[in-house]
Amino acid sequence: MIRASPTLLILLLATGCTKPAKKEVAAVSVDAAGASAEHFAFPSHRCGECHGDIESSWRPSAHARAVTTPLFTKMRDAAGHGADCDGCHAPLRAKIPADDPAAADGVGCDSCHLMTDMTPRREGKGFTLRVDDTTRYGPLCDAQNHYFHKMGCSPGHAQSKQCASCHLLYGAGAIPLFTEYEEWERSRYASSHECQDCHMASRQAALAVGAKGTRRLARHDFALDEMSGDAIKVTLGVETQGDELAAVVTMLNEGAGHSVPTGLPEHRLVLAVSRSDASGANVQRWERVYGRVLVDGDGKPAPFYRAARVESDTRIGVDESRVERFTFPKGKSGRIDVSLTWLRVPQAMARELGVPEDSRSLASGGQSFDSARLPKPLRLRTEPEKAIRVNATADGGAPH
Ligand code: HEC
Ligand code: HEC
Ligand code: HEC
Ligand code: HEC
Ligand code: HEC
């Protein structure tokens, strides 16, 4: 692969010619097959040279790993039509040679900032990538053109439709797959919170090397680890139910602008409840699983890319409160423990695909009871550091 020298590129752009001859300034690359392409897309580390703060925020995000997680590569192979997957997981691949460094970035800076015409569509990929120009599109409309790139005022970058251009997809037979945008659109948040308002909350920082002072900048890690504890309010009470006692667990989706879980249809929530007696011996354990079960034409559970229809959907919708009761004989006293855990894919599927299990804790805790004096309902929380998180990267290690 031959690439125009970056220094030459900067020098040529620095001379101030606004309409440089494309051949000289574009990142020209030639792929293994000999096909050449000229374009202005860059790998994210180049953007980081001036936007270092934003790059270090983006680097540990799911977007940066979008084509490297074992789960993605395994599913992409199994699906057998990988180019369709790349349309959202590595959007630049359709525009520039596959071995160009910018194409290896997954959802990198230029996947989102060369983006125009953002339109939510159920066929997915509702956007255009303008690799033929130096303009970077973003929400700021007062930014001054710079020698490295021009500024494209794009208010749509602060709106949910930017996310929806990838976070909305229906499969063959109009089966809903990625539905977070439509869930949001139907919720009360559609009139008060864009996706960015929850996922890209801003903080004060320098916009770029050379930009004057600091301003409010959107965080680019999409904040999931920190937000998990806010999604579902879990409370645990113990009540008398006839001759028995019942552990009553209430789960209220008070913090997410869409169902929980959402995104990949394979995501699951597992509620585990156990009762122990006064001696601490574990006497009973229950588990309930929430999610979407997709099945193939024969009604057998199938991954989303082979699914024909949605068999069931037990996710917790926006503002929905789910009450679960678990009954047991009245003992003298004991303890109830509860955990609510998010799973990336069901355990059986992780084993079948040979990928590490990945989970995070949304809430956990418990309370002791005495059947003569039952305790008040208690809110259970998860300390962020208690969140169990196995970040699935290509080498199996943690990227943080
Ligand atoms: C040589 C320095 C430099 C590099 C490299 C650079 N930028 Fe910038 N960028 C700037 C400066 C400076 C500003 C802000 C100008 C101002 O404040 O008026 C900016 C602003 C932006 C904006 C805001 C535009 C808007 O209208 O909202 C975006 C988006 C952006 N850059 C994306 C990128 C991307 C993507 C890359 C990598 C392809 C990149 N930048 C590389 C210097 C750079
Ligand atoms: C160019 C396509 C694209 C755009 C635009 C996009 N995303 Fe994503 N997003 C993805 C892909 C692909 C993944 C899955 C990455 C992976 O493999 O884990 C993802 C993952 C995520 C995750 C992490 C999910 C998880 O399970 O860890 C969050 C949160 C997220 N996106 C939010 C957003 C928000 C908010 C926006 C809009 C500001 C947005 N995304 C815009 C493609 C996109
Ligand atoms: C998944 C899409 C996505 C990716 C990937 C992404 N950005 Fe952004 N970026 C956005 C959105 C959306 C906004 C606007 C956020 C807002 O205003 O609420 C934004 C805002 C910006 C801004 C304007 C200042 C600000 O914070 O509002 C700059 C500069 C920027 N991004 C640079 C980058 C760089 C550099 C990278 C790569 C390291 C990058 N972005 C990766 C979606 C993305
Ligand atoms: C009111 C705040 C809020 C809004 C608005 C919001 N989200 Fe979320 N989102 C959350 C919280 C909280 C979580 C964490 C839930 C969890 O840990 O599973 C989350 C999780 C996610 C996930 C991970 C999926 C999963 O199963 O964990 C994705 C993807 C996502 N959001 C995308 C979006 C997109 C796209 C939009 C806009 C259409 C959006 N979100 C709007 C709060 C919000
Ligand atoms: C319309 C855009 C789009 C297309 C096409 C697409 N995806 Fe995704 N994919 C997403 C988004 C957005 C997410 C983030 C949702 C989440 O993780 O909660 C995602 C998440 C995933 C994840 C979960 C990542 C993780 O580690 O949790 C896997 C695996 C995945 N996609 C595989 C595929 C495969 C395989 C294909 C092709 C058969 C494909 N995707 C096609 C948009 C798309």
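Of note:
- Within the range 157-176, one or more residues are away from ligand 5 (no atom under 16 Å from the Cβ) and closer than 24 Å to Ala102 by Cβ.
- Yes/no for Ser154 being without any contact (Cβ under 8 Å) to a residue 60 or more places away in the chain and either within 13 Å of Thr119 (Cα to Cα) or more than 14 Å from ligand 3 (Cβ to nearest atom) (or both): no
- Lys161 vs. criteria within 11 Å of ligand 3 (Cβ to nearest atom) and either over 30 Å from Glu266 (Cβ atoms) or not assigned by TED's automatic domain parsing to the domain that holds Ala307 (or both): yes
- Single match in Ala308, Ala302 (criterion: open to solvent by 20 Å² or more (accessible area, probe 1.4 Å) and either in contact with an Asp or Glu (Cβ under 9 Å, 6 or more places away or on another chain) or within 16 Å of ligand 3 (Cβ to nearest atom) (or both)): Ala308
- Count - residues of the range 319-361 that are surrounded by 17 or more Cβ atoms within 10 Å (Cβ to Cβ) and under 12 Å from Ala272 (Cα atoms): 9
- Tally, over the range 214-265, of residues that are away from ligand 2 (no atom under 14 Å from the Cβ), at pLDDT 95 or above and closer than 28 Å to Ser57 by Cα: 4
- Screening Tyr147 against (1) in a helix (DSSP H, G or I); (2) surrounded by fewer than 21 Cβ atoms within 10 Å (Cβ to Cβ); (3) touching a helix residue (DSSP H, G or I) at 6+ places or on another chain (Cβ under 6 Å) leaves a single unmet condition, (1).
- Residue satisfying all of: in the range 114-125; without any contact (Cβ under 8 Å) to a residue 60 or more places away in the chain and within 14 Å of ligand 3 (Cβ to nearest atom); surrounded by the fewest Cβ atoms within 10 Å (Cβ to Cβ) among these: Thr116
- From Ala372, Ala387, residue being modelled with pLDDT under 90 and in contact with a strand residue (DSSP E or B) (Cβ under 6 Å, 6 or more places away or on another chain): Ala387
The values are calculated or read from the model by the stated rules, or taken from the named source; none is laboratory data. These numbers were taken from a predicted model, which means no experiment stands behind them. Virtual Cβ from ideal backbone geometry, glycine too; neighbours counted across all protein chains shown. Accessible surface is based on the protein model in full, side chains and every heavy atom, while ligands, DNA and RNA are left aside. Shrake-Rupley method; radii C 1.70, N 1.55, O 1.52, S 1.80 Å.
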